[in-house]
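Undergrad: Here it is, the structure, as structure tokens.
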Amino acid sequence: MTEEKLNIRTRALAFMMLSLFVLFIIAPITVVLIMPESGSILLNYIMVNGPFIILFLFLFLLSEPIMHRPLKKIMEMEVPFRKNLFLSISMLSVAVYIVFSLIRHEATRINDTGWNTRLMLLLPVLIITPIQALSEEIVFRMLPYRIAFGDGKPCRLSATMPYILISSIVFMLPHLPNAEVRTASSFIPIIYYFLWGSGAALLSVLTDGFEAAAAMHITNNLYIALMVNYEGSSLPSASVFLTEMNPDSPMIIIETIALFAVLLIYSARKGYIRISSEK
């Protein structure tokens, strides 16, 4: 391993550890200190997502001093950001979410939150939710990739297994306090988060970029916040529909497998995935 590659990996590890400290210690304390106590859904939404706003500012401002490169370069692999891949994966992801919402339609009802509240939340949701999801992608997917491979890429697919495992665990652990995990009587929600993290990391490796993982993460969170949320969700929102939360239902596992199957097939057919003997 070259000294330069080791230096990049060390800096990425330090940046990730500092980011986790900001996300779980500094940011929550800051949000509690500066946010007024209120039962309004807008303030509750901002409070829940506030740590991720602070995290993103930290990542943006400290990327150059710590990593010696702008945040945009950390978010790219060997090719510049591919807008077409991002947009197509976003649309496909939404299509899968809609299909499974229709499958679960018997447990879904219209949210009785007023449209004035929805309109008031619309702009904050459209701004904050992508920031929240992208912050998670940087810390749980992109920095672990730099830790594992520096500025290079794995020489074969089997070499990515430690990265995929670590990225999945790091992604899963912060979601364990969520309502669906706490109320479940099985390991299904934990399996769901681990599987989700594994699929996103694998998709990133196979497509040589983070556009697909970021797209499905952002659209997933926007879909929950705007269209179909769960009753008792850890994420307060004024979605159009509410569905009963059954954390022990295997349907979330089936939906996740279907989502990744669709995205992998599409990416392969469009030439974003090139399986070769070098991977």
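Undergrad: Starting from the 7 Å offset along Cα-to-Cβ, what nm value, one decimal, do you get for the label separation of Met17 and Asn44?
TA: 3.8 nm
Undergrad: Right, something else. Measuring from label point to label point, each 7 Å out along Cα→Cβ, what is the His105 to Glu244 span in nm?
TA: 1.8 nm
Undergrad: Can you pull the one-decimal nm distance between simple spin-label points at Thr30 and Thr113, each 7 Å off the Cα toward Cβ?
TA: The answer from the label model is 2.5 nm.
Undergrad: What FRET efficiency do you get for Leu57 and Arg269 if R0 is 30 Å and r is their Cβ-Cβ distance, rounded to the nearest 0.05? Provide the component values of the computation, followed by the final result.
TA: Numbers: r = 39 Å, r/R0 = 1.29.
Efficiency at R0 = 30 Å is approximately 0.20.
Undergrad: Quick check: residue separation of Ile169 and Val79 times 0.36 nm, minus the Cα distance between them. What number comes out in nm? Mind showing how you got there, number by number?
TA: Details: separation 90, 0.36 × 90 = 32.40 nm, distance 2.68 nm.
Roughly 29.7 nm would be gained on extension.
Undergrad: Oh, and also: Counting only protein heavy atoms and a 1.4 Å probe, tell me what percentage of the chain's accessible area is made up of carbon and sulfur.
TA: Within the chain, the accessible surface is 70 percent carbon and sulfur.
Undergrad: Using amide H atoms built 1.01 Å from N in the peptide plane, name the residues 5+ places from Phe241, or on other chains, whose amide H lies under 5 Å from its own.
TA: Amide H neighbours of Phe241: Asn111, Val228, Asn229.
Undergrad: For an R0 of 35 angstrom, estimate the FRET efficiency from the Cβ-Cβ distance between Ala179 and Lys153 and round to the nearest 0.05. Don't skip to the end; give the middle numbers.
TA: Values: r = 38 Å, r/R0 = 1.08.
Efficiency, rounded to the nearest 0.05: 0.40.
Undergrad: Right, here's the next one. Angle between the Cα long axis of helix 211-226 and the longest principal axis of the chain, 0 to 90 degrees, nearest 10?
TA: Computed tilt is about 10 degrees.
Undergrad: Classify segment 1-151 from the C-alpha gyration tensor, please: rounded if a/c falls under 1.5, else prolate or oblate depending on whether a/b exceeds b/c. Display every interim value, and only then the final one.
TA: On the way: a/c = 2.72, a/b = 1.47, b/c = 1.85.
Oblate shape, in that a/c is at least 1.5 and b/c is the bigger or equal ratio.
Undergrad: Arrange the residues Ile169, Ile257 by how much accessible surface each exposes, largest first, with a 1.4 angstrom probe.
TA: On the way: Ile169 65, Ile257 100 Å².
In descending accessible area the options line up as Ile257, Ile169.
Undergrad: Oh, and also: For the chain, what is the accessible area per residue in Å², given a 1.4 Å probe and the full set of protein chains? Don't skip to the end; give the middle numbers.
TA: On the way: 13880 Å² over 279 residues.
Accessible area per residue, the chain: 50 Å².
Undergrad: Rounded to the nearest 500, what is the chain's calculated 222 nm mean residue ellipticity when only DSSP H runs of at least 4 contribute -39500 (n - 2.57) each, over all residues? The partial results should precede the final answer.
TA: On the way: 12 runs with 180 residues, N = 279.
Mean residue ellipticity, 222 nm, calculated: -21000 deg cm²/dmol.
Undergrad: How far is helix 115-137 tilted, in degrees, relative to the longest principal axis of the Cα atoms in the chain, given as a value from 0 to 90 rounded to the nearest 10?
TA: Helix 115-137 sits at roughly 20 degrees to that axis.
Undergrad: Rounded, prolate or oblate: which fits segment 51-105, taking a ≥ b ≥ c as square roots of the Cα gyration tensor eigenvalues, rounded meaning a/c under 1.5, else prolate when a/b beats b/c? Intermediate results must be reported in sequence, preceding the final value.
TA: On the way: a/c = 5.39, a/b = 1.93, b/c = 2.80.
Judged from the Cα gyration tensor, segment 51-105 comes out oblate (a/c at least 1.5, b/c at or above a/b).
Undergrad: Report, in degrees rounded to the nearest 10, the 0 to 90 angle that the Cα long axis of helix 251-269 makes with the longest principal axis of the chain.
TA: 40 degrees
The values are calculated or read from the model by the stated rules, or taken from the named source; none is laboratory data. This structure is a prediction, so every number in the text was calculated from the model and none was measured. Positions of Cβ are generated from backbone atoms using ideal geometry, with glycine treated the same way; all protein chains shown enter the neighbour counts. All accessible areas refer to the heavy atoms of the entire protein, side chains included, with ligands and DNA or RNA removed. Shrake-Rupley method; radii C 1.70, N 1.55, O 1.52, S 1.80 Å.
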